[in-house]
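Student: Structure incoming, see below.
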Amino acid sequence: MLALTKVVLPIMENLTVPRTLAGRVALIVGGARGLGLAIARQYAAEGAEIAIADLDAAAAQSACAAMSPAAMSSRVDVADPASSREVVEQVVARFGRLDILVNCAAICLVDPLLDVTPERWDRVFAVNARGAFFCMQHAARAMTANGFGRIITISTPASRMGFPLFASYGASKAAVDSMTRAAAIAWAPHGITVNAIVPGRMTGGMIDALEQDLQRVTGKPADELAADRTKGLPMGRRVDPAEVAKAAVWLASDAAAYVTAERFNFTGGMELA
Ligand SMILES: NC(=O)c1ccc[n+]([C@@H]2O[C@H](COP(=O)([O-])OP(=O)(O)OC[C@H]3O[C@@H](n4cnc5c(N)ncnc54)[C@H](O)[C@@H]3O)[C@@H](O)[C@H]2O)c1
């Protein structure tokens, strides 16, 4: 019975369920929690080999352990281009190639505009803009060797809408929008597509983690801040990261081979409301 469960069932699963990303190697940066973790789980379920790299090495490791014995975890600080280069090299050394990069790593600092300091501005840009760029650049070098690649960047409605407490964050993600388009054009001849996903307000994740800062800066109590999170959302609810992750599966799949330089709204109409 044990042999049936351990040996035969996995073989049958592979035979009967066609998996969208079978044989692909995916690196999810910032994949230890939130949206990145939801994407890693769905990629694994679709048959991809998974590498999760994150500043929080322990969380990346336990995410991988829960996912698959073959999944690889690494520590990376995307603010340091040498660190992201090293991670791409580790993935290629381990799996022989890199097919898909999703970079979810980002930070958001809450600052009224008149209080933004050069140090806090630079910190946000070092992670969100410079970090995103050099992750893409290192990954594209590895992908060019195979003539195939899927790069997915993560933007935000704040890159276009005005959120006065998140100016540095919104501006850094506007840089992500721009570099996504440039990279898409530059690397299209090499079989690499580059697209941005724009999640709406997600459940959990970085915005909820800013609760204390928002309370301090706005003076609003927790229940009012909670109500603010759904205020003005056309669907009247926030989006689950697992819903957004489906877009990342599709963009990485063969079905999206001719899709590049796009900015995919998964915002429930938020940007146009
Ligand atoms: N949460 C939302 O409502 C929302 C909305 C729109 C866009 N986004 C974007 O979606 C993405 C994921 O957001 P989330 O809410 O899941 O965030 P999260 O904070 O839950 O996860 C971000 C991950 O990035 C990692 N990270 C942070 N700094 C890093 C660094 N220097 N190097 C490597 N890893 C680092 C963190 O450890 C964490 O695991 C982000 O790019 C964010 O800007 C989030």
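Read the figures in this text as sums done on the coordinates, not as results from a lab. Quick caveat, the model's predicted, so the values are computed rather than measured. Ideal geometry is used to build each Cβ from the backbone, glycine not excepted, and the neighbour counts take in all protein chains shown.
Student: Restricting to Cα atoms and excluding each atom paired with itself, what does the Kirkwood estimate give for the range 210-273 in Å?
Tutor: Here the Kirkwood hydrodynamic radius works out to 14.4 Å.
Student: Count of lysine pairs in the chain with Cα atoms under 28 Å apart, counting only pairs 8 or more residues apart in sequence or on different chains?
Tutor: For the chain, the number of qualifying lysine pairs is 5.
Student: Counting only other residues whose beta carbon sits under 10 Å from that of Ala38, what net charge do I get with K and R as +1, D and E as -1?
Tutor: After counting each charged neighbour, the total is +1.
Student: Same structure, new question: For Trp121, Trp187, Trp250, what's the fewest-to-most ordering of other Cβ within 10 Å of each Cβ?
Tutor: Trp250, Trp121, Trp187
Student: Shifting gears a bit: P(r) of the range 40-82 in 5 Å steps, Cα pairs, percent per bin?
Tutor: Result, from short to long distances: 6, 26, 29, 19, 13, 6, 1 percent.
Student: OK, next. Can you list the residues, at least 5 places off or on another chain, whose amide H is less than 5 Å from the amide H of Ser73, using H built in the peptide plane?
Tutor: Counting only residues 5 or more places away or on other chains, the set is Ile52.
Student: Any idea what diffusion coefficient the range 109-208 gets from Stokes-Einstein, in µm²/s, Kirkwood Rh on alpha carbon pairs, 25 °C, 0.890 mPa s?
Tutor: D, rounded to a whole number, is 170 µm²/s.
Student: In whole Å and largest first, what semi-axes does the C-alpha gyration tensor of the range 54-149 yield when each eigenvalue is scaled by 5 and square-rooted?
Tutor: 28, 17, 10
Student: Using Cβ counts within 10 Å as a stand-in for footprinting exposure, how do Tyr169, Tyr43, Tyr258 rank, fewest first?
Tutor: Placing the least packed residue first, the sequence is Tyr258, Tyr169, Tyr43.
Student: In whole angstrom, how long is each semi-axis of the equivalent ellipsoid of the range 102-159, when you take the square root of 5 times every eigenvalue of its Cα gyration tensor and sort them from largest down?
Tutor: Working from the Cα gyration tensor, I get semi-axes of 30, 12, 6 Å.
Student: List Ser73, Ser83, Ser172 from most exposed to least, where exposure is judged by having the fewest other Cβ atoms within 10 Å.
Tutor: Going from sparsest to densest Cβ surroundings: Ser83, Ser73, Ser172.
Student: Which semi-axis lengths, in whole Å and largest first, follow from the square roots of five times the eigenvalues of the Cα gyration tensor of the range 160-273?
Tutor: Over the Cα atoms of the range 160-273, the semi-axes work out to 31, 16, 11 Å.
Student: Once every DSSP H run of n ≥ 4 in the chain is given -39500 (n - 2.57) and the sum is divided by its residues, what mean residue ellipticity at 222 nm do you get, rounded to the nearest 500 deg cm²/dmol?
Tutor: Result for the chain, helices only: -13500 deg cm²/dmol.
Student: How large is the convex hull of the C-alpha atoms of the chain per residue, in Å³?
Tutor: Each residue corresponds to 145 Å³ of Cα convex hull volume.
Student: Another one. Over the range 145-217, calculate the relative contact order: mean separation of alpha carbon pairs under 8 Å at least 6 apart, over the residue count, as a percent.
Tutor: After rounding, I find 39 percent.
Student: Below 8 Å, C-alpha to C-alpha, sequence gap of six or more: please give me the relative contact order for the chain in percent.
Tutor: 18
Student: Still on this structure, please answer the following. Most mobile of Gly36, Gly162, Gly47 per a Gaussian network model of the chain (Cα springs, under 10 Å)?
Tutor: It is Gly162.
Student: What is the sum of charges, Lys and Arg at +1 and Asp and Glu at -1, for the other residues whose Cβ falls under 15 Å from the Cβ of Glu262?
Tutor: Residues near Glu262 contribute +2 overall.
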